[in-house]
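The values are calculated or read from the model by the stated rules, or taken from the named source; none is laboratory data. Bear in mind that the values here come from a model prediction, so they are computed numbers and not experimental data. Don't worry about glycine lacking a Cβ; one is built from the backbone with ideal geometry, like all the others, and counts go over all protein chains shown. Just the protein is used for accessible areas: all its heavy atoms, side chains included, with ligands, DNA and RNA removed. Shrake-Rupley method; radii C 1.70, N 1.55, O 1.52, S 1.80 Å.
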Amino acid sequence: MDSYGDELESRPPKVYDEDHLGVEIPETAHQISTDSWFQVGFVLTTGINSAYVLGYSGTIMVPLGWIFGVVGLIFATAISLYANSLIAKLHEFGGKRHIRYRDLAGFIYGKKAYNLTWGLQYINLFMINTGYIILAGSALKAVYVLFRDDGLMKLPYCIAIAGFVCALFAIGIPHLSALRIWLGFSTFFSLVYIIAAFALSLRDGIKAPERDYSIPGTTTSKIFTTIGAAANLVFAFNTGMLPEIQATVRKPVVGNMMKALYFQFTAGVLPMYAVTFIGYWAYGSSTSTYLLNSVNGPVWIKAAANISAFLQTVIALHIFASPMYEYVDTKFGIKGSALAINNLAFRIVVRGGYLTINTLVAALLPFLGDFMSLTGAISTFPLTFILANHMYLVAKKNKLTSLQKLWHWINVCFFGFMSLAAAVSALRLIAVDSKTYHVFADI
């Protein structure tokens, strides 16, 4: 992180007028400016409709209920589109393309902010990837239980297998733009488990007696779970790595990124809405945090849905791990053919090692809902809402009216409070679950 150098320390604290400067592109070992807005839109949609959507009925709707759950999801969609658009519009601020979130923060605030943002982003992406490995392991175990419910295949074993497959995929795909055809596979896999979960939930809901939609728990626990669910709401829509994704889009980078964001937050959210609402409607407050564990139906459909969830998770994880891969590849000067022996060996050691640590943490603490809440609290809130509003406020302060400045400050303060409250709530949930389940638990 210290590689940002003395340049930031010596830079005068002034606001740059980006409208009158040429655009400088920083050095990177990965491809940039090659993808259409439609491909980038699919990258964003892959994240929003990952297998995490199978948990939202249980982790968002159950703690919030119908009214606050529906309103919360719609509000989170709108505010997330707004916050992401602020970051997208700063991509060429000051005459330089900011292809990394930390670069943008460092350019606006200085070196300390660069390091802090990189730390927050690393935590955010590490925890998202840990959650993905938990998801992939849960999907594998669900497939096994469908055919042999003998208790031999424990969740930690499935998580280890999932981590190994994710590492193989990471070694084979050198950078984010190289996903290309895999995004098509990802969309297909998403449709399989979303349609299966929707259809089976609808079938169960039609046949089932009246459901209980009351929010479970004591008054105290309801307060904490509600705050945690609010963190899950923002986790659902945000990547914490928008500049890294925007770096891959063709010029004009701001206009094309806005198209990709509009695609993500209109057509892209519909499948997620559908499966989240139908799952809660069908099973009420007893909805599982992994919806495919609640549904009833033909074994082959449930098996296909779980296998699709596993495979899509492998692809989605690669998206959220790519900033770390880009950092080490650029730092160590990895260039040339992805199949060159030196480059291949480097990916095996570095990416394999990174995902080994992810997998170990996932197996140690396989509490998926808690990871979502904690990630939303300590990194998604600051990266997506607090920093986005404050960076835009600093960068554009000479062009904003007093009312606009007040609006951004209200956002900074509100989401700062929510971040602190959600962090406390998530840590409490992890402490409670750690007492209920031992490490390497077979949930």
For this session: With respect to residue 212, determine if the residue is of a type in the set (Asp, Glu) and outside any helix (DSSP H, G or I).
Result: yes
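Within segment 78-100, can you find the residues that are part of a helix (DSSP H, G or I), at pLDDT 90 or above and crowded, with 20+ Cβ neighbours inside 10 Å?
Within segment 78-100, 80, 83, 84, 86, 87, 88 qualify.
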Seminar exercise, completed: Given (1) under 29 Å from residue 339 (Cβ atoms); (2) of a type outside the set (Phe, Trp, Tyr); (3) modelled with pLDDT of 90 or more; (4) open to solvent by 50 Å² or more (accessible area, probe 1.4 Å), residue 214 misses just (1)
Seminar exercise, completed: Conditions (1) buried (at least 24 other Cβ atoms within 10 Å of the Cβ); (2) among the polar types (S, T, N, Q); (3) under 21 Å from the mean Cα position of the chain (by Cα) -> residue 288 fails only (1)
Exercise. Do you know which residues across segment 354-370 are closer than 24 Å to residue 189 by Cα and either open to solvent by 30 Å² or more (accessible area, probe 1.4 Å) or at pLDDT 85 or above (or both)?
Worked result: 355, 358, 359, 362
Problem set entry | Residues satisfying the stated conditions in segment 101-119, i.e. out of contact with any Phe, Trp or Tyr (no Cβ under 9 Å at 6 or more places or on another chain), in contact (Cβ under 8 Å) with a residue 12 or more places away in the chain and open to solvent by 30 Å² or more (accessible area, probe 1.4 Å) | 109
Exercise. Which ones in segment 326-349 are in contact (Cβ under 8 Å) with a residue 12 or more places away in the chain and open to solvent by 50 Å² or more (accessible area, probe 1.4 Å)?
Worked result: 331, 332, 335, 344, 348
Problem set entry | Among the candidates 123, 173, 133, residue that is among the hydrophobic types (A, V, I, L, M, F, W, C) and open to solvent by 50 Å² or more (accessible area, probe 1.4 Å) | 123
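Which residue is nearest to residue 125 (Cα to Cα), if the candidates are limited to segment 300-309 and must be surrounded by 23 or more Cβ atoms within 10 Å (Cβ to Cβ) and of a type in the set (A, V, I, L, M, F, W, C)?
Residues of segment 300-309 that are surrounded by 23 or more Cβ atoms within 10 Å (Cβ to Cβ), as a first pass: 305-306, 308-309.
After this cut, where a residue has to be of a type in the set (A, V, I, L, M, F, W, C) as well, the list is 305, 309.
Details: 305: 25, 309: 19 Å.
It comes out as 309.
Across segment 307-352, what is the number of residues that are in contact with a Lys or Arg (Cβ under 9 Å, 6 or more places away or on another chain) and of a type outside the set (Asp, Glu)?
Taking segment 307-352 as the starting set, the residues that turn out to be in contact with a Lys or Arg (Cβ under 9 Å, 6 or more places away or on another chain) are 321, 323-329, 334, 338, 343.
Among the residues that remain, those that are also of a type outside the set (Asp, Glu) are: 321, 323-325, 327-328, 334, 338, 343.
Total meeting the criteria: 9.
Which of the residues spanning segment 32-49 are crowded, with 17+ Cβ neighbours inside 10 Å and part of a helix (DSSP H, G or I)?
Here is the first cut: in segment 32-49, the residues crowded, with 17+ Cβ neighbours inside 10 Å are 32, 35, 37, 39-49.
Scanning segment 32-49 gives 37, 39, 40, 41, 42, 43, 44, 45, 46, 47, 48.
Could you check, for segment 323-337, whether at least one of its residues is outside any helix (DSSP H, G or I) and polar (S, T, N, Q)?
Of segment 323-337, the ones outside any helix (DSSP H, G or I) are 332-337.
Next, only the ones that are polar (S, T, N, Q) stay: 337.
There is at least one residue in segment 323-337 that is outside any helix (DSSP H, G or I) and polar (S, T, N, Q).
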Problem set entry | Of all residues in segment 387-419 being in contact (Cβ under 8 Å) with a residue 40 or more places away in the chain and open to solvent by 90 Å² or more (accessible area, probe 1.4 Å), the one that is nearest to the chain's Cα centre (by Cα) | 397
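So that you can scan it fast, the table gives a plain yes or no per residue for (1) at pLDDT below 90; (2) open to solvent by 50 Å² or more (accessible area, probe 1.4 Å); (3) over 23 Å from residue 136 (Cβ atoms):
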site: 276; (1), (2), (3): no, no, no
site: 279; (1), (2), (3): no, no, no
site: 311; (1), (2), (3): no, yes, no
site: 320; (1), (2), (3): yes, no, no
site: 324; (1), (2), (3): yes, no, no
For this session: Kindly indicate whether any position in segment 236-248 is closer than 30 Å to residue 38 by Cα, in contact with a helix residue (DSSP H, G or I) (Cβ under 6 Å, 6 or more places away or on another chain), part of a helix (DSSP H, G or I) and open to solvent by 10 Å² or more (accessible area, probe 1.4 Å).
Result: yes
Seminar exercise, completed: Checked against (1) more than 30 Å from residue 329 (Cα to Cα); (2) in contact with a Lys or Arg (Cβ under 7 Å, 6 or more places away or on another chain); (3) among the aliphatic types (A, V, I, L, M), residue 167 satisfies every condition except (1)
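The rows are residues; the columns are (1) of a type in the set (Lys, Arg); (2) modelled with pLDDT under 90.
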{"residue": "317", "(1), (2)": "no, no"}
{"residue": "342", "(1), (2)": "no, yes"}
{"residue": "347", "(1), (2)": "yes, no"}
{"residue": "352", "(1), (2)": "no, no"}
Problem set entry | Scope segment 126-167; condition charged (D, E, K, R) and either closer than 13 Å to residue 314 by Cβ or in contact with a strand residue (DSSP E or B) (Cβ under 8 Å, 6 or more places away or on another chain) (or both); matching residues | none
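In this structure, does residue 374 turn out to be assigned to a helix (DSSP H, G or I), hydrophobic (A, V, I, L, M, F, W, C), under 24 Å from the mean Cα position of the chain (by Cα) and modelled with pLDDT of 80 or more?
On the way: assigned to a helix (DSSP H, G or I): yes; hydrophobic (A, V, I, L, M, F, W, C): yes; under 24 Å from the mean Cα position of the chain (by Cα): yes; modelled with pLDDT of 80 or more: no.
So residue 374 fails the test.
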